[in-house]
Ligand SMILES: C[S@@+](CC[C@H](N)C(=O)[O-])C[C@H]1O[C@@H](n2cnc3c(N)ncnc32)[C@H](O)[C@@H]1O
């Protein structure tokens, strides 16, 4: 374990490849000032999400877990002018901060923040005829990841991409009886079940990539929904 080194390399990457950005910096500062927890992805992870969305030509994006809208800004910026992003957040106070951050980033018109438990708002999305989404980023409460996979598949199309964060947790994922307090009650077990469901799901081709950096040793799942979905 060498977290100072990983963080230093993240800074090196950001210094070289990710220019200072007023709206993103302001979103982090406003989130901290409002007392939101520090759960946003790193800048290099945000750039990765943006690149995935652009490479994929995503026009509709769904995000589960908004917090202050930091990852939302990265993803929404990848959209064309007529693109749309829906982001789901349980906490109305976080959603309010996110809306202000998105407005400051000039993205209020293309992003909708929907407040409520995602397992409630996902069926509403389907009922409203939203989707299918080209890219879905799962980053909410991890104990519900199994349900989020099911709803992501319902709201996707052949060729949709699903990304899920925090699927390694410094190797804690290896422990069948493990827990990770920072993922909340049942969070680690939710991620383990998520792997099992992915493994058994004929409609997806998936991998997980381990990462180290400012966020420690963790990783993300990258999955592609099959053509015969
Ligand atoms: C890790 S943070 C999201 C970070 C954000 N994606 C980013 O990188 O900027 C997880 C978020 O999910 C929200 N959340 C937790 N449980 C939820 C639920 N059941 N439904 C919707 N959102 C939930 C939390 O309030 C928190 O804002």
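Taken together, the values in this text are just the output of simple stated rules run on the coordinates, not laboratory data. Small disclaimer: the values here were computed from a predicted structure and weren't measured. FYI the Cβ positions are ideal-geometry reconstructions off the backbone, even for glycines, and counts take in every protein chain you see.
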Quiz item: Here is a list of conditions, (1) over 18 Å from residue 50 (Cα atoms); (2) in contact (Cβ under 8 Å) with a residue 40 or more places away in the chain; (3) in a helix (DSSP H, G or I), and residue 157 meets all of them except one; can you say which number that is?
Solution: (3)
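Look at the stretch 3-38 and say how many of its residues are part of a loop (DSSP other than H, G, I, E, B), closer than 24 Å to residue 141 by Cβ and either touching a residue at least 60 places away in the same chain (Cβ under 8 Å) or more than 15 Å from the ligand (Cβ to nearest atom) (or both). Before the answer, list the steps.
So the first thing to find is which residues in the stretch 3-38 are part of a loop (DSSP other than H, G, I, E, B), and the list is 18-21, 34-38.
Cutting the leftovers down to closer than 24 Å to residue 141 by Cβ gives us 34-38.
Those left that are additionally either touching a residue at least 60 places away in the same chain (Cβ under 8 Å) or more than 15 Å from the ligand (Cβ to nearest atom) (or both): 34, 36.
Residues meeting the conditions: 2.
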Quiz prompt | Residue ID - farthest from residue 115 (Cα to Cα), chosen from residues in the stretch 39-95 that are within 12 Å of the ligand (Cβ to nearest atom) and surrounded by fewer than 18 Cβ atoms within 10 Å (Cβ to Cβ) | solution = 39
Practice problem: All but one of (1) within 29 Å of residue 93 (Cβ to Cβ); (2) touching a helix residue (DSSP H, G or I) at 6+ places or on another chain (Cβ under 8 Å); (3) surrounded by 13 or more Cβ atoms within 10 Å (Cβ to Cβ) hold for residue 13, so report the exception by its number. | Solution: (1)
Quiz item: Looking only at the stretch 175-224, which residues are in contact with a helix residue (DSSP H, G or I) (Cβ under 7 Å, 6 or more places away or on another chain), assigned to a strand (DSSP E or B) and within 14 Å of the ligand (Cβ to nearest atom)?
Solution: 213, 216, 218
Self-check item: Residue list for the stretch 96-137, restricted to those being surrounded by fewer than 20 Cβ atoms within 10 Å (Cβ to Cβ), within 13 Å of the ligand (Cβ to nearest atom) and in a loop (DSSP other than H, G, I, E, B)
Solution: 116, 117
